[in-house]
1. Please go through (1) touching a residue at least 24 places away in the same chain (Cβ under 8 Å); (2) closer than 14 Å to A:His86 by Cα for B:Ile77 and return the number of the only condition it doesn't satisfy.
2. Sort through E:Gly13, E:Gly83 and tell me the only one that's out of contact with any Pro (no Cβ under 7 Å at 6 or more places or on another chain), assigned to a loop (DSSP other than H, G, I, E, B) and small (Gly, Ala, Ser).
3. Looking only at the range B:8-24, decide whether some residue is surrounded by fewer than 17 Cβ atoms within 10 Å (Cβ to Cβ), under 30 Å from A:Pro72 (Cα atoms) and out of contact with any helix residue (DSSP H, G or I) (no Cβ under 9 Å at 6 or more places or on another chain).
4. Quick one: which of A:Asp50, A:Asp60 is within 14 Å of chain F (Cβ to nearest Cβ) and either open to solvent by less than 50 Å² (accessible area, probe 1.4 Å) or at pLDDT below 95 (or both)?
5. Considering every residue within the range D:95-111, establish whether at least one is in contact with an Asp or Glu (Cβ under 8 Å, 6 or more places away or on another chain) and free of Cβ contacts under 8 Å to residues at least 12 places away in the same chain.
6. Looking only at helices (runs of 4 or more DSSP H) that lie completely in the range F:89-159, which have at least 2 residues being at the interface with another protein chain (Cβ under 8 Å from one of its Cβ atoms) and crowded, with 18+ Cβ neighbours inside 10 Å?
7. Return yes when B:Val29 is part of a helix (DSSP H, G or I), more than 11 Å from chain C (Cβ to nearest Cβ) and open to solvent by less than 20 Å² (accessible area, probe 1.4 Å) and no when it is not.
8. So which residues in the range A:160-196 are among the acidic types (Asp, Glu) and either surrounded by fewer than 18 Cβ atoms within 10 Å (Cβ to Cβ) or in contact with a strand residue (DSSP E or B) (Cβ under 8 Å, 6 or more places away or on another chain) (or both), if there are any at all?
6 protein chains.
Amino acid sequence: MTTAAMPPISRYGVPRLEDLPADIRDRIVAVQEKAGFIPNVFLALARRPDEFRAFFAYHDALMEKEGGLTRPEREMIVVATSGANHCHYCVIAHGAILRIRAKHPLLADQIAINHRKADLTPRHRAMLDFAMKVCEQSHRTDEADIAALKAHGFSDEDVWDIGAIAAFFAMSNRLTNMMNLRPNDEFYLMGREVRRA
Amino acid sequence: MTTAAMPPISRYGVPRLEDLPADIRDRIVAVQEKAGFIPNVFLALARRPDEFRAFFAYHDALMEKEGGLTRPEREMIVVATSGANHCHYCVIAHGAILRIRAKHPLLADQIAINHRKADLTPRHRAMLDFAMKVCEQSHRTDEADIAALKAHGFSDEDVWDIGAIAAFFAMSNRLTNMMNLRPNDEFYLMGREVRRA
Amino acid sequence: MTTAAMPPISRYGVPRLEDLPADIRDRIVAVQEKAGFIPNVFLALARRPDEFRAFFAYHDALMEKEGGLTRPEREMIVVATSGANHCHYCVIAHGAILRIRAKHPLLADQIAINHRKADLTPRHRAMLDFAMKVCEQSHRTDEADIAALKAHGFSDEDVWDIGAIAAFFAMSNRLTNMMNLRPNDEFYLMGREVRRA
Amino acid sequence: MTTAAMPPISRYGVPRLEDLPADIRDRIVAVQEKAGFIPNVFLALARRPDEFRAFFAYHDALMEKEGGLTRPEREMIVVATSGANHCHYCVIAHGAILRIRAKHPLLADQIAINHRKADLTPRHRAMLDFAMKVCEQSHRTDEADIAALKAHGFSDEDVWDIGAIAAFFAMSNRLTNMMNLRPNDEFYLMGREVRRA
Amino acid sequence: MTTAAMPPISRYGVPRLEDLPADIRDRIVAVQEKAGFIPNVFLALARRPDEFRAFFAYHDALMEKEGGLTRPEREMIVVATSGANHCHYCVIAHGAILRIRAKHPLLADQIAINHRKADLTPRHRAMLDFAMKVCEQSHRTDEADIAALKAHGFSDEDVWDIGAIAAFFAMSNRLTNMMNLRPNDEFYLMGREVRRA
Amino acid sequence: MTTAAMPPISRYGVPRLEDLPADIRDRIVAVQEKAGFIPNVFLALARRPDEFRAFFAYHDALMEKEGGLTRPEREMIVVATSGANHCHYCVIAHGAILRIRAKHPLLADQIAINHRKADLTPRHRAMLDFAMKVCEQSHRTDEADIAALKAHGFSDEDVWDIGAIAAFFAMSNRLTNMMNLRPNDEFYLMGREVRRA
């Protein structure tokens, strides 16, 4: 099929690694060594070093901290809310991470389309219902929402985490949509061969 | 990760092949021989033979006919509009078909999330803009929409095809959502290994 | 009042009866003999014989089958969902059929505008609430919706019928909107003189 | 068909004519003599005499004044915007008035469902486009909207009239929806027999 | 900061006081003497004397009558619904009146943005929930809404008042948006210095 | 008027200053010395030190950097998008900052309600149109949006700034809505006495 020419990573272009501040270059190289490629979001944001540093510091504080929600749970929130925001980069990149972290090859595609009919436990359904409410109508959140989460064993700190991840990706989705950030081709296939027990 | 128990194919259950009318069983067997598995929509609809026959006759009239839109173009319309309708089955099953027919492993996931930022030619962007308008607000379609399509070389018959495919899957998406139709696990991985030239 | 010139039946024109395949011409003649005129949807779809056959086979499987929902109930679903989709043809044509089948001259106009405040029994209100949910947000349907219908005596098969009729007219409304299908003038007055007992 | 019991005119009940202030009773009697029946809105509002007087004074200032928009044009605005607000009473009552004043038995039903595909002149299409914008998103009205109306010969005073009628019925639709005001059965059939020249 | 030139009060201009009918001029002078300035809505509507008279008669019947809702309660309804309708004039002018009448300098700004998170008693939260439903989707109001108000001690007449004020400002907001009515500069600061006990 | 009891600053409570890490305490003390009070967002976020540091690093990178958009322009973006997200804290706190930085006591209240009818230059109208698109439907941003900004003299870097500020407050609004963050009473009156030249 005739397709569009390979589009650029971002409408803003990307800097050369060697032109970047050392701390940013180091972070990018570390990611590349771990993943085998550089996720485009690192290159796209690197042209604004202060924003790069704050973005990833925030990201890590929410997504990499110890305790609280499991890693797959955090990625489920990202995929569901990024689907609602129609963000290519985040659905496809974090869909890959969710497949890998959950060792579940199907869940990400389901959640991106409609978490309400995905293969979820009631606990995860409640978690994503709240994340989607923060994503789509945070001004209507209330104590009944919190109570619904607590009924599934989530703590007040977990509620903060769920809401804060949904909020962080409300930002991230808008940034990547604004710059037409293109997901790396590598993401699409990652984690798809894992079989469920 | 702990996940929900494997849910049923459909909230309505599925009939046994041996209990089906011969023409329906034959169609299902033929599909199975070609695909290697039975797509769940065939089993789910088979318990209503008259509806099964009409559904697939209509499907084939739009999706399998000679001439007009290419096969990948038709699948692009299905994936885009089914994404807008949050339909698991159609996005995942037709995403697989689109990957195979277009020999393009990335396009389906992009279109399902946001056709506006997918790797599309201007012609295909215009095609999907119209399909989405029929999907989401058909009462606002007008001659300016038709003119926009003609500017990209689509004929009046092509316009009908685009709109009719969007309309048919408006029905299909609602049916499968209503019955919680679950896509076969096989679809998720199909066509993902094909490389673009 | 100065009005627009009488617009065409459809932006696609209509074929001549004598040019149609015999089975399609026979069906159209039969409808004409029964109704006294040819409803425009028959003429508009006849230029695509395979689609015509599938469309009416599906229509009849849902709208003319024995058992299950009553005929007026089926028409109520059509009118309510076609109103939500802003479809002239289906509201006006099926409004006429509803008036005749229900022997009720008022209900169709009420349902087309707002089923929530129409002269409905609680059973019919529940039926239309579900039909409208399938029409407008099928991805949110869940077991609570089914339970609400069962509380009014609807069976699982009735639920399928309600949803499938809403789904079929989601397609039909989009087709007729896309082609600017104009309802026959005859429909507007049909069934209006019937008095309630 | 089994239908709901005849519902009351309004959830607030209606006063007895003999209990009303003389000016209100006189107005109601005059309407009854002209129309042959008392439109329910008069009875429903009469229990609040000051509001009754202000409502009809405002109504008459917009709908009965000399000059400017024609009578059928004003009724077209009422029917279109009342359809958007899903108001039984106003669509059905003013649909009747539109049929009579325009001597056109079809236009009201078309406009109530979708003015964009009704049998309208371009001038009336532009008029209703603006009325619907005032109805649905008045905060977005701007000078381009005014220019579009002026291109069809509407004056600044006409623009005010179009917008003010849409605004007045934004109020009226909410009042009648809030009180479940039921249209008189007589309205449904009025003006339907008139033939277009 | 460079800002736009001081825009006109209304896109329709304003008449000279001395050209107005005596009753309208008297009312305007009376308002001016009480408030110290002429609120722009009086000038903007005065060019249409009949509409001016009906508008303020209706306004007074709802907003100035004895009994029922308190004055601050009525203004809370105006501010909340005018915020939803994105109407500068009504939010800013009635925000000032609310601050003064409630002797509360903060509530108006909170309610204009999001009544759900404002410093409200449960009774006032319920009142504004209903007002917003009449404002945004009056066709869905039902007996459950009324029951929720009665649980907080509102009478049937109070329900009418809440709904009627929301309905009246649905009109007023559209009128002022249509004419780009600009709030007087005086309103912004009024009532802000009052301290809560 | 009887009002709700003074609600807490945040549903999560706030830490004691003396329990905070030194860098966070120092930042809070510095803000307090400059503003005369501690804006609640500092206290509410301080219980999560890593998120506090990242949040304010990001905030400062966008809102305090040299060059590009003026300070009032940045605050205009915050107020407009926070109004769309119905966020008390950000509208009221940044409304105060906008009044002070723009030396304009009226603009913030106007923009919070409806930027389209505020006292804006065409340049600022275009800036806020884009910010609102990033806020509300970032997936639809395209090159035409960028071109519209460039026609008013905005550079590519300015476009990034506008979009990134809208994106950052999409996050901030959701965080503060989730935790019911209450704006300090001091904000409401700040900057209101400044007179335009």
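1. All conditions are met except number (2).
2. So the residue among E:Gly13, E:Gly83 that is out of contact with any Pro (no Cβ under 7 Å at 6 or more places or on another chain), assigned to a loop (DSSP other than H, G, I, E, B) and small (Gly, Ala, Ser) is E:Gly13.
3. yes
4. Details: A:Asp50 fails: either open to solvent by less than 50 Å² (accessible area, probe 1.4 Å) or at pLDDT below 95 (or both).
Just one listed residue meets the conditions, A:Asp60.
5. Yes, because at least one residue in the range D:95-111 is in contact with an Asp or Glu (Cβ under 8 Å, 6 or more places away or on another chain) and free of Cβ contacts under 8 Å to residues at least 12 places away in the same chain.
6. Of the helices (runs of 4 or more DSSP H) lying wholly inside the range F:89-159, those with at least 2 residues that are at the interface with another protein chain (Cβ under 8 Å from one of its Cβ atoms) and crowded, with 18+ Cβ neighbours inside 10 Å span F:107-113, F:122-137.
7. Values: part of a helix (DSSP H, G or I): yes; more than 11 Å from chain C (Cβ to nearest Cβ): yes; open to solvent by less than 20 Å² (accessible area, probe 1.4 Å): no.
So B:Val29 fails the test.
8. Looking only at the range A:160-196, we keep the residues that are among the acidic types (Asp, Glu), and these are A:161, A:185-186, A:193.
Of everything in the range A:160-196, those that are among the acidic types (Asp, Glu) and either surrounded by fewer than 18 Cβ atoms within 10 Å (Cβ to Cβ) or in contact with a strand residue (DSSP E or B) (Cβ under 8 Å, 6 or more places away or on another chain) (or both) turn out to be A:Asp185, A:Glu186, A:Glu193.
The values are calculated or read from the model by the stated rules, or taken from the named source; none is laboratory data. In this text, all values refer to a predicted model and were calculated from it rather than measured experimentally. All Cβ positions, even for glycine, are placed from backbone atoms using ideal geometry, and neighbour counts span all protein chains on display. With ligands, DNA and RNA removed, areas are computed over all heavy atoms of the protein, side chains included. Shrake-Rupley method; radii C 1.70, N 1.55, O 1.52, S 1.80 Å.
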